[in-house]
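Presented below is the structure to which this report refers.
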């Protein structure tokens, strides 16, 4: 580790905080229907959309109606994307006449992009046409990200209101988020990426002559806007198979800085949104402090791991002074590779600018653990905030048990119904991750996809189900995922990780919204100070992390000790 490396990391995190604060407050004004600087330009379009589909933005929805609208829209978009991927050969902007996807791969891909996972069991530049990339994948990146933010806003309103039967209007929330937040930032970021060298063209390829005189065909397409919303919406699915390690997606250190900022911009900004909606910014600061503790700790551990060279390569005569550069781009180096991959696994963004499969065992374990914690520090756009609030309720419940008082959070009494719903949401994660991994490791058709044996092979399979359930989308690249078993079961894991978690959370929000707010008293446990921050960190580690420690001990931890003992499998 170097001082310059830490300086790069510190500067990036500082820029993220400075940018996230105004964005978070802007989101709060947008979803509450307040006037913003974009309203004169976009308000007529917003009203036109409401009129076209018959939506009254002022009509509130109970949690059942809100959840039904959300699920209906996502189901329709799943069917549309599935049909588009299957019928790709008949659609415009398909000059190479690429064939449609197989049913299983189309199911996996459609589920992936609808759930904001963006897991890719295919190579984008050789499997999909520019039309499918634009109309299919990129449009779904806006909808899936907007859906997550809308759900987070609905849950935030449940704490702000007392005796209310509604959580807002899903259609209005989604429309405003896409129009006033996602689309403007994505356009500006897309233009910035074009200026930095990312292509945005309908041409599918360019022919070039190499230094040896041979002809080379270079794939390209409408990459820049897709790259912008891919990072901004914590989607993660790249135009190219190499994702953000590809020079057309991420040409240099400046583009890496911009993309890193985009990934964290809304998840961090939503902590300020939450504070604004509930009327107490200190509550948002407390959540931000929890996020900061986990993120900085994760960066330090991964940076320390990758700064050490692989002892097996050192024994072969490779200079250990540069650390572990395997699988990393020289134009980014170890610090920016570590920062980018920690941030994209701390959120639900599966983008990578280095190959996690080539990280040192501990360097690969930390991103996996960040996903297994529940994608809450800070998690994806929206999904991270409402997931973190679930753990906050569990934290005050634990505090209430310690002192023998009925737990409260922001003036709402937390009773048995809310805790049952919270635990129902939390337990879906180990059920899907551990269950899917265990089942796959005993099936020959699943283990045949592993590129490695021993602990690293276990890590590859465990990471796949962690990534799918956590709606992250990144992978240990040694796993060949395009098989009937993995396409199907990972698609189901994505479904469970998104909706089996979200529906109980919306039910919990509906229950809390109906409760009358209780004024704070001398016995109220403050939820904005260091004691609460420490308690919440402890609950996340215990409930979100310790249940995965046995399997992590058999995977990356075992690989670490074997590797430094000079042995291989």
- For residues that are touching a strand residue (DSSP E or B) at 6+ places or on another chain (Cβ under 9 Å) and part of a loop (DSSP other than H, G, I, E, B), scanning just region 360-410, find the one that is nearest to residue 241 (Cα to Cα). 407
- Task: State whether one or more residues within region 41-58 are under 28 Å from the mean Cα position of the chain (by Cα) and not in a helix (DSSP H, G or I).
- Result: no
- Message: Quick check on this structure: which one of 186, 192, 158 is within 22 Å of residue 143 (Cα to Cα), at pLDDT 90 or above and in a helix (DSSP H, G or I)?
- Response: 186
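Where in region 466-562 are there helices (runs of 4 or more DSSP H), lying fully within it, with 3 or more residues that are surrounded by fewer than 16 Cβ atoms within 10 Å (Cβ to Cβ), in contact with a helix residue (DSSP H, G or I) (Cβ under 9 Å, 6 or more places away or on another chain) and at pLDDT 90 or above?
On the way: elements: 484-495, 501-514, 530-539, 549-552.
Here the list reads 530-539.
If we scan region 197-211, do we find a residue that is closer than 28 Å to residue 378 by Cβ, surrounded by fewer than 22 Cβ atoms within 10 Å (Cβ to Cβ) and at pLDDT 90 or above? Talk me through it step by step, then tell me what you get.
So in region 197-211, the residues closer than 28 Å to residue 378 by Cβ come out as 198.
Remaining after also requiring surrounded by fewer than 22 Cβ atoms within 10 Å (Cβ to Cβ): none.
Within region 197-211, none of the residues are closer than 28 Å to residue 378 by Cβ, surrounded by fewer than 22 Cβ atoms within 10 Å (Cβ to Cβ) and at pLDDT 90 or above.
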- Give me the pairs: first residue in region 379-392 and within 18 Å of residue 535 (Cα to Cα), second residue assigned to a loop (DSSP other than H, G, I, E, B), beta-carbon distance under 6 Å, and six or more apart or on different chains, which are they? 387/374; 387/376; 387/379; 388/376
- Task: Return only the number of the condition from (1) surrounded by fewer than 21 Cβ atoms within 10 Å (Cβ to Cβ); (2) over 22 Å from residue 473 (Cβ atoms); (3) in contact (Cβ under 8 Å) with a residue 40 or more places away in the chain that residue 63 does not satisfy.
- Result: (1)
- Task: Check 137, 71 and return the single one that is surrounded by fewer than 18 Cβ atoms within 10 Å (Cβ to Cβ), assigned to a helix (DSSP H, G or I) and under 23 Å from the mean Cα position of the chain (by Cα).
- Result: 71
- Test residue 262 against the criterion of being under 23 Å from residue 533 (Cβ atoms), touching a helix residue (DSSP H, G or I) at 6+ places or on another chain (Cβ under 8 Å) and surrounded by 24 or more Cβ atoms within 10 Å (Cβ to Cβ), and give yes or no. no
- Task: Please indicate, with yes or no, whether at least one residue in region 268-287 is part of a helix (DSSP H, G or I), free of Cβ contacts under 8 Å to residues at least 60 places away in the same chain, touching a helix residue (DSSP H, G or I) at 6+ places or on another chain (Cβ under 7 Å) and closer than 17 Å to residue 342 by Cα.
- Result: no
- Task: Residues being closer than 30 Å to residue 519 by Cα and in contact with a strand residue (DSSP E or B) (Cβ under 9 Å, 6 or more places away or on another chain): count how many of those fall in region 150-206.
- Result: 3
- All positions within region 286-310 that are farther than 24 Å from residue 236 by Cβ and surrounded by 18 or more Cβ atoms within 10 Å (Cβ to Cβ): 286, 289, 307, 309, 310
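For region 108-126, give me each residue that is outside any loop (DSSP other than H, G, I, E, B) and surrounded by fewer than 20 Cβ atoms within 10 Å (Cβ to Cβ). Give the derivation first.
Here is the first cut: in region 108-126, the residues outside any loop (DSSP other than H, G, I, E, B) are 108-114, 124-126.
The one that is outside any loop (DSSP other than H, G, I, E, B) and surrounded by fewer than 20 Cβ atoms within 10 Å (Cβ to Cβ): 126.
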- Criterion violated by residue 454 - all others in (1) over 29 Å from residue 286 (Cα atoms); (2) at pLDDT 90 or above; (3) touching a helix residue (DSSP H, G or I) at 6+ places or on another chain (Cβ under 9 Å) satisfied: (2)
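The values are calculated or read from the model by the stated rules, or taken from the named source; none is laboratory data. Keep in mind the model is a prediction, meaning the values are calculated, not measured. Counting neighbours? That spans all protein chains shown, and the Cβs are built from the backbone with ideal geometry, glycine included.
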